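The values are calculated or read from the model by the stated rules, or taken from the named source; none is laboratory data. Please read all numbers here as calculations on a predicted model, not as lab measurements. Methodologically, a virtual Cβ is constructed for each residue, glycine included, from the backbone with ideal geometry; neighbour enumeration extends over all protein chains shown.
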Amino acid sequence: MAQIARIVLMFYCSLAPSAMRIAIDTNILIAALTQPRGNSARIVRAWREGRLEVVASAATVREAELVLGGGWLARLTSPAAVRALLDDLRTRTVRVEAPPITGPRLKDAGDLRLAEAAVAGGASYIVTTDREFLSQRGYGSTEFVTPGEFLRLWQE
């Protein structure tokens, strides 16, 4: 029954006008799981309800699986919540082929893969709490913002 409800929700979301497209850093997914009343959780909830589109590439999904699926989150949240979030990341994101980009200057390869996916997918924002990312402020037409900044800009 839950699977049927999910299919119906996805169908109706596909009929709605295009939602804003964003990319979500792994640190936002962790915060959403561990702080269910926080800004990160509000953003993830909006995506899961179809009010936002999230872009991802094979590399960004793989990073989330490695970071979230390592078992360490079990002390902070339920394994079922982690599995459900990873399942949604695999099945409810706008998947893109992300060619390499020459900038921004990010030391972490995972951060660069996220920027590549965001640019390839036409994301307006990358939502992150990573200071190095945020110091760049953006690349091309994609801005790098905190969860609080995004919520103010989006005005849900």
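May I ask you to list the residues in the range 80-114 that are of a type in the set (Gly, Ala, Ser), out of contact with any Ser or Thr (no Cβ under 6 Å at 6 or more places or on another chain) and more than 21 Å from SER135 (Cα to Cα)? Once the filter is applied, which keeps residues that are of a type in the set (Gly, Ala, Ser), out of contact with any Ser or Thr (no Cβ under 6 Å at 6 or more places or on another chain) and more than 21 Å from SER135 (Cα to Cα), the range 80-114 yields ALA80, ALA81, ALA84.
Of everything listed in (1) buried (at least 17 other Cβ atoms within 10 Å of the Cβ); (2) at pLDDT below 90, the single unmet condition for ILE126 is (2).
With the condition kept exactly as written, say whether any residue in the range 34-45 is in contact with a Leu (Cβ under 6 Å, 6 or more places away or on another chain), hydroxyl-bearing (Ser, Thr, Tyr) and under 21 Å from LEU134 (Cα atoms). Looking for residues that are in contact with a Leu (Cβ under 6 Å, 6 or more places away or on another chain), hydroxyl-bearing (Ser, Thr, Tyr) and under 21 Å from LEU134 (Cα atoms), one finds none in the range 34-45, hence no.
Take THR91 and tell me if it is hydroxyl-bearing (Ser, Thr, Tyr) and closer than 15 Å to VAL61 by Cα.
Working: hydroxyl-bearing (Ser, Thr, Tyr): yes; closer than 15 Å to VAL61 by Cα: yes.
The answer is yes for THR91.
Look through the range 32-55, keep the residues that are in contact with a Gly (Cβ under 8 Å, 6 or more places away or on another chain) and not polar (S, T, N, Q), and return whichever of them is farthest from GLU116 (Cα to Cα). Break it down stepwise before answering.
The first filter runs over the range 32-55 and keeps only residues in contact with a Gly (Cβ under 8 Å, 6 or more places away or on another chain), leaving 32, 39, 55.
This time we only want the ones that are not polar (S, T, N, Q), so: 32, 55.
Details: ALA32: 23, VAL55: 10 Å.
The extreme case among them is ALA32.
Evaluate the range 68-79: report whether one residue or more is of a type in the set (Phe, Trp, Tyr) and under 14 Å from the mean Cα position of the chain (by Cα). Walk me through it before giving the result.
Filtering the range 68-79 for residues of a type in the set (Phe, Trp, Tyr) gives 72.
With under 14 Å from the mean Cα position of the chain (by Cα) added as a condition, the list becomes none.
Checked the range 68-79: no residue is of a type in the set (Phe, Trp, Tyr) and under 14 Å from the mean Cα position of the chain (by Cα).
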